[in-house]
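Coordinate-derived values only; no laboratory data. Note that the coordinates shown come from a computational prediction; the quantities given were computed from them, not determined experimentally. Heads up, the Cβs are rebuilt from the backbone with ideal geometry, glycines too, and the neighbour counts pull from every protein chain shown.
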Amino acid sequence: MEAVLWYVLAGTRGGPNRIRIVRALDERPRNANQLAEDLDLNYETVRHHLDVLTENDVLDSSGDDYGAVYLPSDVAEAHWDVIEEIGEIH
């Protein structure tokens with residue numbers, strides 16, 4: 001999982017925004033629209049990052065696609081020190 005986190009959060013151009021999203025969701029679960037507003041990001045950009053993070057088991061979601069609420073996965077929580085280490089670089 002550490003390699004996945006490094007790739008998804010540090011090895012791609014979208015990494016800094018993905019770190020912002022994961023940290024925001026660690027504070028409290030939110031849906032894509034709330035994240036877009038809270039982080040001042042384009043909704044479609046947020047949706048893309050949420051899809052990438054969910055496909056790589058960094059985030060879990062509940063609810064239907066439009067109103068789905070996201071939060072860090074158990075796997076991400078278990079590797080939170082790696083997420084923080086990556087966040088310090090960005």
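Side notes on the structure shown:
- Which listed residue, of Asp81, Asp57, Asp26, Asp38, is among the acidic types (Asp, Glu) and without any contact (Cβ under 8 Å) to a residue 12 or more places away in the chain: Asp81
- Looking across region 5-30, the residues that are closer than 15 Å to Ser61 by Cα, in contact with a Leu (Cβ under 7 Å, 6 or more places away or on another chain) and surrounded by fewer than 20 Cβ atoms within 10 Å (Cβ to Cβ) come down to Ala24, Pro29.
- Region 48-90 - residue that is assigned to a helix (DSSP H, G or I) and of a type in the set (Val, Ile, Thr) and, of those, surrounded by the fewest Cβ atoms within 10 Å (Cβ to Cβ): Ile89
- Residues of region 6-47 that turn out to be of a type in the set (S, T, N, Q) and assigned to a helix (DSSP H, G or I), as a count: 4
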